[in-house]
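Enquirer: To start, I am sharing the structure in question, which I have written as structure tokens.
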Amino acid sequence: MTARIDYRVAPGGRLTGQARVPGDKSISHRSVMLGSIAEGTTRVTGFLEAEDALATLAAFRQMGVTIEGPEQGRLSIQGVGLHGLRASAEPLYLGNSGTSMRLLCGLLAGQSFDSILTGDRSLSKRPMRRVTEPLRQMGARIETTAEGTAPIHIHGGQDLHGIDYTMPVASAQVKSCLLLAGLYAEGETCVTEPAPTRDHTERMLQGFGYEVRRKESRVCLRGGGRLSATSLDVPADISSAAFFLVGASIAPGSELLLEHVGINPTRTGVIDILRLMGAKIDVLNSRVVGGEPVADLKVLSSSLKGIHIPDRLVPLAIDEFPVLFVAAACAEGETVLTGAAELRVKESDRIQVMADGLKILGVEARPTPDGIVIQGGRIGGGRVVSHGDHRIAMAFAIAALRSDDTIEIEDCANVNTSFPGFAELAQSLGLQVEVLTDE
Ligand code: S3P
């Protein structure tokens, strides 16, 4: 168990300088998964050495894959091929990581052996039927609790067949899960998304030489091919950069350069939303690295105004809403979010938890079933709880840049699931954050 960690953040300050935030979490997970089932040695740089991605890495080691590292973001994965994984002697414990669990369900449904997937308290409450139901349609045998949650028992030795599936919710995890199962299925597996979601799995499969076809909102692959090892350079995570995009926007006198940030168009909703609110963000030196677009982002402080966030941007900014709510609290006027019910089933109920915390800080925030309405204005001090949700903890730390008293945040150890070194980096850029441990 990690020791209890709280943050105490003094009010005010500004963010200046330049930084490269840690590697992209989604891409890091996928690098280990695809590298492990490829043929040959895959070398990864920029890997995110945080608990979630390390849970995926540990799971593949348990299934017999030799992986060197991580050492300063470098991994060397000796791929075992599509059929070279071995049963783990122990259940695969995936901590807080929904991406590990949902993607592994697909990848393991097609193996010859049984697997058991478990997670922490938050992960054990998250909905898994969205993956187990379509996997069953493909011929998988999977058991969950009566509520459709983990622990998940996957029975190996089933013959999977491709399906043509239209997702009821826009989810990259569901899409990726089914594409990974599709590698092991007879015939073609197609997934249609109701709105664009992150496409890292499709891009990376192609990087490993696997044919993936997309026509508008439908993506398809045929089972039975092979993946050839490759080199991957993981860009900095735009979801981690988002805390500083908002921080520099709201704190007067800020000027920040965030380097080598992944700007895949299925992830840049946060930039679009902040710009609609009046933020000054420049995208510089755009380039493509290992099949993923990357750029340096320059942010200057600006006065933000409230907006109605366009529904089409919701899946493209799905992880950034906690800190976008902080931007809304600093904006002039009202910000309205709709079409975001998914936020209620993330690492915490991010609508309720953010509304509760903002109210403690004196901000008018009204949760709705699928969103929130936030009245911009003054942010006060107070003590808020993160409910063990990394992005809630970091969002409230950033709020202190515009608060008029100290903000204390309880239960911040889980920041290590996505952004190790957040407090230290934030401090070096100008946030007055103190880390308090109970040891
Ligand atoms: C992820 C997809 C998103 C996101 C999560 C990571 C991924 O979830 O919230 O943090 O790596 O595919 P959904 O696809 O369920 O929206």
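Rule-based calculations on the coordinates, nothing more; no lab input. Remember, predicted model here, so these are calculated numbers, not experimental data. Neighbour counts run over all protein chains shown; Cβ positions are idealised from the backbone, glycine included.
Enquirer: In this model, which of Lys25/Lys305; Lys305/Lys359; Lys298/Lys346 are farther than 25 Å apart at the alpha-carbon?
Expert: Listed pairs above 25 Å: Lys25/Lys305; Lys298/Lys346.
Enquirer: In the range 218-311, with Lys and Arg counted as +1 and Asp and Glu as -1 at Cβ, which of these residues, Cys220, Ser301, Leu257, has the Cα nearest the positive end of the dipole, that is, farthest along it?
Expert: With unit charges placed on the Cβ atoms, the residue in question is Cys220.
Enquirer: Let me ask something else about it. For the range 118-144 and the range 71-100, what is the centre-to-centre distance using only Cα atoms, to the nearest Å?
Expert: 18
Enquirer: For the charge dipole of the range 362-439, defined by +1 on Lys and Arg C-beta atoms and -1 on Asp and Glu C-beta atoms about the Cα centroid, which residue among Cys412, Gly371, Ile392 has the Cα displaced farthest towards the positive pole?
Expert: Comparing the listed Cα positions along the dipole, Gly371 ranks first.
Enquirer: Right, something else. I need the calculated FRET efficiency for the pair Arg226 and Ala3, taking r as the beta carbon distance and R₀ as 60 Å, to the nearest 0.05.
Expert: It comes to 0.85.
Enquirer: Rounded to two decimal places and with Rh computed the Kirkwood way over Cα pairs, what is Rg over Rh for the range 337-423?
Expert: 0.96
Enquirer: For Arg383, enumerate residues with amide H under 5 Å from its amide H, sequence gap 5+ or separate chain, H modeled in the peptide plane.
Expert: Glu408
Enquirer: So how do Thr437, Thr192, Thr197 line up by other beta-carbon neighbours within 10 Å, fewest first?
Expert: If I rank by nearby Cβ atoms, fewest first, I get Thr437, Thr192, Thr197.
Enquirer: Please give the charge dipole size of the chain, origin at the Cα centre, charges +1 on K and R Cβ atoms and -1 on D and E Cβ atoms. Round to the nearest 20 debye.
Expert: 780
Enquirer: Taking the Cα centre of the range 373-439 as origin and charging only Cβ (+1 Lys, Arg; -1 Asp, Glu), how large is the dipole, in debye to the nearest 20?
Expert: The calculation lands at about 400 debye.
Enquirer: Do any cysteines in the chain lack another Cys Cβ under 4.7 Å, and if so which?
Expert: Cysteines of the chain left without a disulfide-compatible partner: Cys105, Cys177, Cys330, Cys412.
Enquirer: From the C-alpha coordinates alone, can you work out the Kirkwood hydrodynamic radius of the chain, in Å?
Expert: The Cα-based Kirkwood calculation yields 21.9 Å.
Enquirer: Taking Cα atoms, how many degrees apart are the long axis of helix 350-360 and the longest axis of the chain, rounded to 10 and kept between 0 and 90?
Expert: 20
Enquirer: Can you put Thr99, Thr145 in order of Cβ neighbours within 10 angstrom, beginning with the fewest?
Expert: Taking fewest neighbouring Cβ atoms as first place, the list is Thr145, Thr99.
Enquirer: How big is the charge dipole of the range 25-233 about its Cα centre, in debye rounded to the nearest 20, if each Lys and Arg gets +1 on its Cβ and each Asp and Glu gets -1 on its Cβ?
Expert: Charge dipole of the range 25-233: 300 debye, to the nearest 20.
Enquirer: To continue, here is another question. Measure nothing fancy, just the Cα-based angle from helix 25-37's long axis to the longest principal axis of the chain, in degrees from 0 to 90, nearest 10.
Expert: With both axes taken from Cα atoms, the answer is about 10 degrees.
Enquirer: Going by alpha carbons, how many degrees (0 to 90, nearest 10) lie between the helix axis of 390-399 and the longest principal axis of the chain?
Expert: 20
Enquirer: Right, another one. Once a ≥ b ≥ c are taken as the square roots of the eigenvalues of the Cα gyration tensor of the range 25-233, is the result rounded (a/c under 1.5), prolate (a/b larger than b/c) or oblate (a/b not larger than b/c)?
Expert: rounded
Enquirer: Before anything else, pin down the relative contact order of the range 166-223: Cα pairs under 8 Å, at least 6 apart, normalised by residue count, whole percent.
Expert: 41
Enquirer: Whole angstrom only: what separates the Cα centroid of the range 315-374 from the Cα centroid of the range 215-254?
Expert: Between the Cα centre of the range 315-374 and that of the range 215-254, the gap is 22 Å.
Enquirer: How much of the calculated P(r) for the range 129-219 lies past 22 Å, in percent of all Cα pairs?
Expert: Counting pairs separated by more than 22 Å, the tail of P(r) holds 27 percent.
Enquirer: Using Cβ counts within 10 Å as a stand-in for footprinting exposure, how do Thr118, Thr132 rank, fewest first?
Expert: If I rank by nearby Cβ atoms, fewest first, I get Thr118, Thr132.
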